[in-house]
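Q: This is the structure, below, for whatever I ask next.
The values are calculated or read from the model by the stated rules, or taken from the named source; none is laboratory data. This structure is a prediction, so every number in the text was calculated from the model and none was measured. Reconstructed Cβ throughout: ideal geometry from the backbone, glycine too, with neighbour counts over all protein chains shown. To get the accessible areas, we keep the full protein, side chains included, count just its heavy atoms, and leave off ligands, DNA and RNA. Shrake-Rupley method; radii C 1.70, N 1.55, O 1.52, S 1.80 Å.
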Amino acid sequence: MSYSVAVRALCEFTAKVGDLDLRFTPSPSAQEGIVGHRTVASRRSAHYQNEVALEGEYQQLKVRGRADGYDPDANRLEEVKTYRGDLDAQPANHRQLHWAQVKVYGWLMCQKLGLAQIDLALVYFDIVGEGETLLHQRCRADELQAFFNTQCALFLRWAEQEMAHRAARNRAAQSLAFPHADFRPGQRSLAESVYKAASTGRCLMAQAPTGIGKTIGTIFPLIKALAPQQLDKILFLTAKTPGRKLALDAARVLHADELPLRVLELVARDKACEHLEKACHGESCPLAKGFYDRLPAAREAAAQVRLLDQRTLREVALAHSVCPYYLSQEMARWADLVVADYNYYFDFGALLFGLGQLNGWRAAVLVDEAHNLVERARAMYSASLDQYSLKTLRDTAPEPLKKPLQRLNREWNALHKDQIAPYQAYAARPEKLVQALSLCTSAMGDYFNDHPESLSGDLQAFYFEALQFAKVAELFNEHFIFDISKRPLNAKRSSSTLCLRNVVPAEFIRPRLTAARSSVLFSATLSPRHYYADLLGLPADTAWIDVESPFKAEQLQVRIVDRISTRFVHRQASLAPIVELIARQFAQRPGNYLAFFSSFDYLQHVAQLLVERHPQIPLWQQSRGMAEAERQAFLDQFTEHSQGIGFAVLGGAFGEGIDLPGTRLIGAFIATLGLPQLNPVNEHMKARMGAIFGAGYDYTYLYPGIQKVVQAAGRVIRSQQDQGVVLLIDDRFGEARVRQLLPKWWSIDS
């Protein structure tokens, strides 16, 4: 059995020493790096070879990679590194890693061409000044072979351990039985479809009702597919913390059968960092000092733990005095099942996607609650800048940054001359402002290189926002809107927010879905399918399954109350009828209910009137910006023996992802169609969606709204023993085009 490793991955494992040091930052963007490599290549001779594929072996280790360039006339192999700022500020251990990479490539090239010696060069290309710094040394082939063998020998013990782990994992997975006595109705159909998608290498959309056990029903078949499909990883991607928790709980159930599966939970940096107030380098943070010297022991210990959730990984990291966040990033390379937020795979600089591309992973991707991916993806590929933040910085910025910031502000103010309304959208990006922004970010990058202690606070925050804005501006096309929201500061002056707003994220999501061996997007609400296929860029051969509900229509009484309008203009008139409806239902069947409204304002007016007219009915309310403990306290009021009504905003924290089985929740009042707010932003989104898909209103308002309604109603029936009622309060629920978007298993009374 052989083990394959990329040159970069090999050297990062064997040649990284010393401190974790992020001061030689920021590195150029991927696009800037590509342009830099092309510029260097364009300056070379006609015989210069780009991206030279190389491979070699050491015992059972296969090493592969692509050298940046080879000049046969000069017999010189080049490794090109783009940078910005002062090259002298580059940490020594970064340079050592680069030399290790080019030496490994050097031996592979000598072996390929039968060379006795070769000239090796590190080419550092300054993306701002476009100058090259060339460091080179002449090496004999036997010296490079010895270096290559040493690196491989260092890695081989780990590789042998990994091969043994993988063999044991695959054997156990082959004989693994479903961890429950039987599949729930619908769960087997889902599991079989997921397995088939992995076997055929296709993308799958699975609409499956809440309560059938989608998490274990998607993870289990992919574990069974590990060996036959030679999968390296299963990536379980979630939109919210409860989804991560369900996946980790499923892993614990599977581990009960002694499955040697390494499971890793990835969390955001601000949740994993032990010293948020410190910078990521050895002179500031004790966990960064000597990080790479202590990493091998920490990695070894972590690899022995089957379930590396946030708490366990932190314990391992601190026992070895390394940063938990960066240990988790290291362990992403060696875990079998990684549970993480969407952004770890779909964001611009996503760790898991990047590692997958670098190492050639054969991965299966599970996208939990995939109806959330549209809005989350739009946010990932959008950017905004606030002029008031710029004004504050201009007053306090270091002297070298004042002129670039002032120029940016001048170009910003020039945009206001064409602004007629407080909000205005534009078809083209603001070219002059983007140019000024590029100069500004370059100046800030140079300054941070020279003054790494300044890389914090408002200056850093604005810098990262500016980099994101510049990155999105590069990609701007008909799938984006550029808009300006202007607000007065005083009688003579105004300020504004600029936004590059992604409308259709398909072109960014599609390559990430197709890069995996198989991608499965699952949720209780993926209708209509063409809406998600269009916005997420699903491949043309994507399979679709609509899993039959395990619940019977008689379990859930769904009533449409179409004599009430919840439109904004009718809101005041709706208060009393809604209060009486709630009170009547509560009197008929006392118990726990959720009441959903379109806004906090609407919620509060109904709650206030209910208290006045029916003070005997207990109620509790969601409030703006509830912390996690407050959200839990809200849910804790729903007990098996309690009675009362929890008031919540549709689409908020309690509209999906919560589980209140049995008598903890017996009904829901949904007093809204869930339509996004009617405002200039959404109206421009509607116009753009209409131009692209021909269904602007449906894509912008109707489909997202009904999806929230169905999710909220799904809180009521959680098992085959549950009984409940859902009241849909609005006359528009009676319209045919709305009713056809509701679940087919519902039996609806008007």
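Q: Given a Förster distance of 60 angstrom, what is the FRET efficiency for Val305 paired with Asp731, based on the Cβ-Cβ distance and rounded to 0.05?
A: 0.60
Q: Can you tally the net charge around Lys471? Count Lys and Arg as +1, Asp and Glu as -1, for every other residue whose Cβ sits under 14 Å from the Cβ of Lys471.
A: On the way: positive: Arg429; negative: Glu32, Asp347, Glu465, Glu474.
In short, -3.
Q: Can you give me the C-alpha center-to-center distance between the range 151-224 and the range 670-706, rounded to a whole angstrom?
A: 38 Å
Q: Rounded, prolate or oblate, given the Cα gyration tensor of the range 565-641, with a/c below 1.5 counting as rounded?
A: Details: a/c = 2.26, a/b = 1.20, b/c = 1.88.
It is oblate, given that a/c is not under 1.5 and a/b is not larger than b/c.
Q: Can you give the charge dipole size of the chain about its Cα centre, rounded to the nearest 20 debye, using +1 on the beta carbon of Lys and Arg and -1 on the beta carbon of Asp and Glu?
A: Numbers: 85 positive and 81 negative charges, 230 e Å.
For the chain, the charge dipole is close to 1100 debye.
Q: Are there trypsin sites (Lys or Arg not before Pro) in the range 210-281 that DSSP puts in a loop and that have at most 16 other Cβ atoms within 10 Å, and which ones?
A: Numbers: sites: Lys214, Lys224, Lys233, Lys240, Arg244, Lys245, Arg252, Arg262, Arg269, Lys271, Lys278; in loops: Lys240, Arg262, Lys278.
Taking the range 210-281 and a limit of 16 other Cβ atoms within 10 Å, the loop trypsin sites (Lys or Arg not before Pro) found are Lys240, Lys278.
Q: Skipping prolines and chain starts, which residues have an amide H placed within reach, meaning under 5 Å, of the one on Ser4, given they are 5 or more residues away or on another chain?
A: Lys62
Q: Exactly which GluC sites (Glu not before Pro) in the range 569-662 are in a DSSP loop and have at most 12 other Cβ atoms within 10 Å? Numbers along the way, then the final one.
A: On the way: sites: Glu580, Glu612, Glu628, Glu630, Glu640, Glu656; in loops: Glu640, Glu656.
For GluC sites (Glu not before Pro) across the range 569-662 that sit outside H, G, I, E and B with at most 12 neighbouring Cβ atoms in 10 Å, the list reads Glu640.
Q: Also, quick follow-up: Does the range 392-478 classify as rounded, prolate or oblate by the C-alpha gyration tensor (a ≥ b ≥ c root eigenvalues; a/c under 1.5 gives rounded; else a/b over b/c gives prolate, otherwise oblate)? Before the final figure, lay out each step's value.
A: Numbers: a/c = 2.33, a/b = 1.70, b/c = 1.37.
Prolate, since a/c reaches 1.5 and a/b exceeds b/c.
Q: Testing the spin-label approximation: label points 7 Å from Cα along Cα→Cβ at Phe348 and Ala319. State their distance in nm.
A: If labels sit at Phe348 and Ala319, their model points lie 3.9 nm apart.
Q: Now for a separate question. Pop a pseudo-label 7 angstrom from the Cα along the beta-carbon direction at both Gln406 and Ala146 and give the gap in nm to one decimal.
A: Here the answer is 6.0 nm between the modelled labels.
Q: Using a Cα-Cα cut-off of under 19 Å, which lysines could be cross-linked to Lys471, ignoring same-chain neighbours fewer than 8 residues away?
A: Correct list for Lys471: Lys432.
Q: A further question on this structure: What are the ³J(HN,Hα) couplings of the range 262-268, residue after residue, when phi is run through the Karplus curve with 6.51, -1.76, 1.60 and θ = phi - 60°? Round to Hz, x for glycine and proline.
A: Result, rounded to whole Hz: 7, 10, 10, 9, 9, 10, 5.
Q: Another question about this same structure. Through the Karplus equation 6.51 cos²θ - 1.76 cosθ + 1.60, θ set to phi - 60°, convert the phi angles of the range 415-426 into ³J(HN,Hα) values in whole Hz; use x for Gly and Pro.
A: Going residue by residue, I get 5, 5, 5, 8, 8, 8, 9, x, 10, 8, 10, 10 Hz, with x marking Gly and Pro.
Q: Continuing with the same structure: Select from the range 419-514 those GluC sites (Glu not before Pro) which occupy a DSSP coil region and have at most 15 other Cβ atoms within 10 Å, ordered by residue number. Could the numbers behind the result be given before it?
A: On the way: sites: Glu431, Glu453, Glu465, Glu474, Glu478, Glu507; in loops: Glu478.
Of the GluC sites (Glu not before Pro), the ones in loops of the range 419-514 whose Cβ has at most 15 other Cβ atoms within 10 Å are Glu478.
Q: For Asn409, what is the net charge nearby, where nearby means another residue's Cβ is under 10 Å from its Cβ and Lys, Arg count +1, Asp, Glu -1? Could you put the intermediate results ahead of the total?
A: Values: positive: Lys391, Arg394, Arg407, Arg410; negative: Glu411.
Here the count lands on +3.
Q: Lys/Arg Cβ at +1, Asp/Glu Cβ at -1, dipole of the chain taken about the Cα centre: which of Leu526, Tyr58, Leu318 is farthest positive-ward?
A: Leu526
Q: A further question on this structure: In the chain, what percent of the accessible surface is made up of carbon and sulfur (1.4 Å probe, ligands and nucleic acids excluded)? Let's see the in-between values first.
A: Values: 15790 of 31730 Å².
Percent of accessible area from carbon and sulfur atoms in the chain: 50.
Q: A further question follows. For Lys289, list the aspartates and glutamates whose Cα falls under 15 Å from its own Cα; do not include residues on the same chain fewer than 8 positions away.
A: Excluding near neighbours in sequence, the set is Asp19, Asp21, Glu274.
Q: Summing +1 for each Lys or Arg and -1 for each Asp or Glu, what net charge is found among the other residues whose Cβ lies under 13 Å from the Cβ of Arg294? Don't jump to the answer; show the numbers that get you there.
A: Details: positive: Lys16, Lys289, Arg299; negative: Asp19, Asp293, Glu300, Glu330.
Net charge around Arg294: -1.
Q: Same structure again: For the chain, report the accessible area per residue in Å² (1.4 Å probe, heavy atoms, rounded to an integer).
A: 42 Å²
Q: Moving on. Can you list the HN-Hα couplings for the range 41-55, worked out from phi with the Karplus curve (6.51, -1.76, 1.60; θ = phi - 60°), rounded to whole Hz and with x for Gly and Pro?
A: 4, 5, 8, 8, 5, 5, 8, 4, 9, 8, 6, 7, 6, 9, 7
Q: Could you tell me the distance between the Cα centroids of the range 426-480 and the range 511-590, to the nearest Å?
A: What the calculation gives is 39 Å, centre to centre.
Q: Hey, which lysines would be in cross-link range of Lys245, C-alpha to C-alpha under 30 Å, not counting anything within fewer than 8 residues on its own chain?
A: Lys196, Lys214, Lys224, Lys233, Lys271, Lys278, Lys552, Lys708, Lys744
Q: Subtracting the Cα-Cα distance from 0.36 nm times the residue separation, let me have the gained length for Val253 to Ala583 in nm, one decimal.
A: Values: separation 330, 0.36 × 330 = 118.80 nm, distance 4.23 nm.
Difference between extended and current length: 114.6 nm.
Q: A further question on this structure: Within the range 124-146, find all residues whose amide N lies under 18 Å from a label point positioned 7 Å from the Cα of Ser45 along Cα-to-beta-carbon.
A: Under 18 Å, as judged by backbone N against the label point of Ser45, lie 136-139 of the range 124-146.
Q: Oh, and also: So, in Å, what gap is there between the alpha-carbon centers of the range 338-371 and the range 89-128?
A: When both Cα centres are located, 30 Å separates them.
Q: Next question. How much length would be gained if the chain were fully extended between Asp458 and Ala691, taking 0.36 nm per residue of separation minus their Cα-Cα distance, in nm to one decimal? Walk me through the intermediate numbers first.
A: Values: separation 233, 0.36 × 233 = 83.88 nm, distance 3.91 nm.
My answer for the length gained is 80.0 nm.
Q: How many nm separate the modelled label positions at Ile34 and Met1, each set 7 Å beyond the Cα in the direction of the Cβ?
A: Label-label distance for Ile34 and Met1, simple model: 3.7 nm.
Q: According to the square roots a ≥ b ≥ c of the eigenvalues of the Cα gyration tensor, what is the shape class of the range 1-150, taking rounded for a/c under 1.5, prolate for a/b larger than b/c otherwise, and oblate for the remainder?
A: Working: a/c = 1.79, a/b = 1.24, b/c = 1.44.
Oblate, since a/c reaches 1.5 and b/c is not below a/b.
Q: Given H placed on each backbone N at 1.01 Å, which residues far from Ser495 in sequence or on other chains put an amide H within less than 5 Å of it?
A: For Ser495, whose amide H was placed from the backbone, the distant partners under 5 Å are Arg487, Leu489.
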